[in-house]
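Below is one structure; the comments refer to it alone.
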Amino acid sequence: MSAAAQARPEERAGARPAPRAGARAGRLAGGAAAGAVRVFLVLAALFWLMPTLGLLISSFLSPTDLNKGGWWQALTAPARLTADNYERLLANDTITGALLSTVAIAVPATLLVVALGSFAGYAFAWLEFPGRDWLFLVVVGLLVVPVQVALIPVSELFGAIGLFETTAGVVLFHTAFGLPFAVFLLRNFFAEIPRELLEAARLDGAGELRLFARVVLPLGGPAIASLGIFQFLWVWNDMLVALVFADSANPPITVALQQQVRQFGNNIDVLAPGAFLSMVVPLVVFFAFQRQFVTGVMAGAVK
């Protein structure tokens, strides 16, 4: 018994370094793998941002320098960068008018979708009315309807009522096709609000409108913000609907830039700064509210 008792501590003492060495090797392997993943992600991000970087540098190069070589020449000769392209762009009435026209379309289309989607989402989540579930299934089914299907019939309808080639027509089209996703997202988000909270507000004498304004809207802030960002980005970057329904004399920025393409070459001194300027606005909006965007989309997707 004494020999066995003496052998066990020796065996245990001899077995201790192995787990330590294995744990150290595991940590080193895990750190190397994590480092490799970080390096890969950084390289992938740089590769993904390369076109944007090229567009930014091209917008500060003169057409002569761009014809001599690519945008990467500015990396070795930064003195070639100039702001003349932006000065000419801001002096171009067509481009500045197109930016204002885009704002006049994107802002109302976003506000209408957010407002109508909020009311409809609350109704589908908490109000009882006949055919509610079937009607919500119809709304969900509208999510798969492509925009291209409605171009011809809506064009004929707008032409008959005088909305073709008007800002109001473009806003109504974007609102109609943005509402199914808005209702789906906000209904799922509002349905997660605890019923006890709403019942307590009703016991305090709150009506449906006051309950919606004082309780539901503050709690649904992330989803509403994400919806507004999504809708704004879609409308701002849209070209197909604007090309069909917008006023040809005062088109949005996407159509205006497309019209700057010459027959035998690109008007790069206008296209590059105009494209980057049109990109800055949605990027600023997205990065300013990206946390609310992710939170709202994820919250609406788990129901």
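No value in this document is a laboratory result; all are computed from the given coordinates. Predicted model only: the values in this text are computed from it and were never measured. All Cβ positions, glycine included, derive from the backbone under ideal geometry; neighbour counts span all protein chains shown.
Tabulated data for the structure shown
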| read-out | value |
| --- | --- |
| Cβ crowding within 10 Å averaged over residues, with 166-172, 83-89 ranked highest first | 166-172, 83-89 |
| Pairwise FRET efficiency - Leu116 versus Ala79, Cβ, R0 = 51 Å, nearest 0.05 | 0.45 |
| Segment Ser62-Leu219, extension gain: residue separation times 0.36 nm, minus the distance between their alpha carbons | 51.5 nm |
| Cβ-based net charge around Phe212, under 14 Å, with every Lys or Arg adding one and every Asp or Glu removing one | +3 |
| Estimated distance in nm for a label pair at Asn92 and Thr166, the labels positioned 7 Å out from Cα along Cα-to-Cβ | 3.0 |
| Leu53-Glu199 FRET efficiency (beta carbon distance; Förster radius 45 Å; 0.05 resolution) | 0.25 |
| Pairwise label distance in nanometres, Ala44 with Leu240, each label 7 Å out on the Cα-Cβ vector | 2.8 |
| Where labels lie 7 Å past Cα in the beta-carbon direction, separation of Phe286 and Val107 in nm | 2.2 |
| Kirkwood Rh and Cα Rg combined as Rg/Rh, segment 26-103 | 1.25 |
| Added length on full extension, which subtracts the Cα-Cα distance from 0.36 nm per residue, Ala33 to Val261 | 77.3 nm |
| Cβ crowding within 10 Å averaged over residues, with 91-97, 35-41, 243-249 ranked highest first | 243-249, 91-97, 35-41 |
| Met279/Leu127 FRET efficiency (R0 45 Å; Cβ-Cβ; nearest 0.05) | 0.65 |
